[in-house]
1. Percent of alpha carbon pairs in the chain separated by more than 49 Å?
2. Work the Kirkwood hydrodynamic radius out for segment 285-418: mean of 1/r over every pair of different alpha-carbon atoms, inverted, in Å.
3. If packing is taken as the average count of other Cβ atoms within 10 Å, what order do 442-448, 476-482 fall into, highest mean first?
4. From the phi of every residue in segment 192-202, what ³J(HN,Hα) in whole Hz does the Karplus formula 6.51 cos²θ - 1.76 cosθ + 1.60 yield, where θ is phi - 60° and glycine or proline is x?
5. Would you grab the residues whose amide H sits under 5 Å from the one on Glu382? Only those 5+ places off in sequence or on another chain, please, with H modelled 1.01 Å from N.
6. May I ask for the distance between the Cα centers of segment 388-426 and segment 556-582, given as a whole number of Å?
7. Using only Cα atoms, what is the ratio of the radius of gyration of segment 559-634 to 2.2 N^0.38 Å?
8. Given contacts defined as C-alpha pairs under 8 Å and at least six residues apart, what's the relative contact order of the chain, whole-number percent?
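Bear in mind that the values in this text are calculations on the coordinates, not laboratory data. Being a predicted model, the structure only gives us computed values, none of them experimental. Here the Cβ is made from the backbone with ideal geometry for all residues, glycine too, and neighbour counts use every protein chain on show.
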Amino acid sequence: MDIAVGSNQTKRAGDAEGLQVRLLGPITISRGGSAIALPSSRKVRALFAYLALAPHGATRSQLCELLWDVPNDPRGELRWCLSKIRNVVDEAVRKRVEASGETVGIDLSDCSVDAAEVVRATQEGLEKQPRQKLRELSSLFAGDFLEGLEIERVPLFNGWLTAQRRRFRACHAAILEHLVGDASQDDALEYLEQWLELAPFDQRVHEILLGTLARRGRIREGEEHLAAAARLFEAEGLDIASLREAWQAGRAQAARASRTDTSASVVTPKREHIESVPNASRRASIAVMPFSDPNNVTVGYGGSADGFAHDIITRLAKLRALFVIAQGSVFALHEKHIGPEDAGRMLNVDYVVSGSLRQQGKRITVSVDLTETRTARVIWAEVFSQTLDDAFLVLDEIGNRIVSSIAGEIETIERNRAILRPPNSLDAWEAHHRGLWHMYRFTKADNDRAKHFFETAVRLDPTFARAYAGLSFTHFQNAFQGWTKRGPEIDRALEIAGQSVMADDRDPAAHWAMGRALWLRGKHDQSVVELEKAVDLSPNFAVGHYSLSFVNSQIGDAQEAIAASDHSRHLSPFDPFLFGMFGARSMALVRLRRFDEAAEWGIKAAARPNAFAHISAIAAYGLALAGRVDEGRVYMDRIHQSLPNYSVDDFLTAMQFEPGGAALYRKAAKQIAAK
């Protein structure tokens, strides 16, 4: 089970009210500063800790499976453990153990739980925490999570315990990294030493330490540390070249500083400053660690879980927007029993994917986490559970959903991060994502801003296919929305889409841009060929499936349009193009003369954020065809508030319906106009 913190607002350790629960180190519970004697049973303490971090409790069957290795009466043992916990935490006026029906939980909403406080700060963003708060968080770590609480012959709990220990070590390392970035010269070495102890293979901590020693003139210590690090890394088959380069650069910088200012202070450079140097070829990087299989903790590698992780790696690599660490590297680290969090730091990637795959009878359950390496923040987590009618089909479907979700979450984070950067410090990757941020606003002003940032991206990196694809789409928008003359914009959309394909013929976004541009030109068959190539290259490319739905909803196979719309929404249920997915489904239903359904999907489309006039028109005309003319007029009135001269001709100019479909929409427009 993943650690997450819901709405509980825990108090800080040392508060007199409530309980003070320490899980970072040996488990302790105190009230008003006085320690409470805990039951000797390891399972009682393990059960309490598990429930203390469960955001919504847990089911009895889940707890029995977690802590009991086929006992005679697991539910009886669970009831006994809960009675022992009640003796510790319940009060005369406050019953904290909640066991109603099948769900069991513990109410610690007014208590201090150190681990929960760390998780909450991490999820909020360590960069948002004041320095004093970071110092307090660091001081909470009195040892490993639930130190000394391993339980023999209970593999599921021990697997959960191992995962959480790794997670909290990563959280501590991330806190120390932020502290180092703001530390004075007196504090820096102390935090660096703690960070180094937690993450001995993290090249960044070695580089910062070597730079600090060089600036302090402690050359002999630096040489000794470099030699020790070289032995450590080489023993694990890791490259030491970047550390040698960092040491030489640090010595050279210190020598220059000493010639100009003998009192130069030792300030560790912040990560933000280090990353501000533009790097035109940078892409977000990700490592997918082998998935665990709780049912096969003693077998070797090569099982279903490993195969599934390999499949995720392959699918992500097809997206072309991410730098994906190859299978050989991540599996080699896994064989050395290096956890996902440490592996992410060793590989110096931005994101790490980890999870588990478990089969019970005819049911398969896959849990997956996407973690930001340098902040230890879990940015997406999900559990997929399906009946195993066909193992390959089920895993294929789950794999598609995982990859699409990961890609969407990373794109969102990179867009939000890029929008905060000064424009003159953007590299090609950041400029591209800043362009996406504006592109998804679907207004003329934002489209112009998006065009500017995409042009910046391709200027910085002329081989960046996705930036060309985004730039092509801004010209598509100009033509489709009627913001400028259609002819020149269609030509530009097609020309730049061609540059995208030339930059990377294997990037699905390039063929998506080409397909959309060809549709604008009226070349429907060629458009479908390009869009089908996009989804062949990456079967989980949601916007590619949506675009196929959009084209087919007007002049192709309407049933296929509905299927593609449903599939795109299944892959990306919170997509910025969701209004279009709903709208394409509505238009296909109109052509099938299923007007009542078309009206409902049109309403859904118009209700989405950033839905523009053509989308509202889909709702208005669909309602009219369904006999709900007055409701249709309401939507048309909304359009006329901003576009007084909007008519069905504007709608049909933007779209490209076959004659029968166009006739239906003209009929709907007459119904709305009639009084």
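1. Working: 58469 of 227475 pairs.
In whole percent, the long-distance tail amounts to 26.
2. Numbers: mean 1/r = 0.0665 Å⁻¹.
It works out to 15.0 Å.
3. On the way: 442-448: 16.1, 476-482: 21.1.
For the peptides 442-448, 476-482, the packing ranking is 476-482, 442-448.
4. Running phi through 6.51 cos²θ - 1.76 cosθ + 1.60 with θ = phi - 60° gives 4, 5, 5, 4, 5, 5, 6, 9, x, 9, 7 Hz.
5. Val368
6. 17 Å
7. Values: Rg = 11.6 Å, N = 76, 2.2 N^0.38 = 11.4 Å.
My calculation over the Cα atoms of segment 559-634 gives 1.01.
8. Numbers: 1105 pairs, mean separation 49.7, N = 675.
The normalised contact order for the chain reaches 7 percent.
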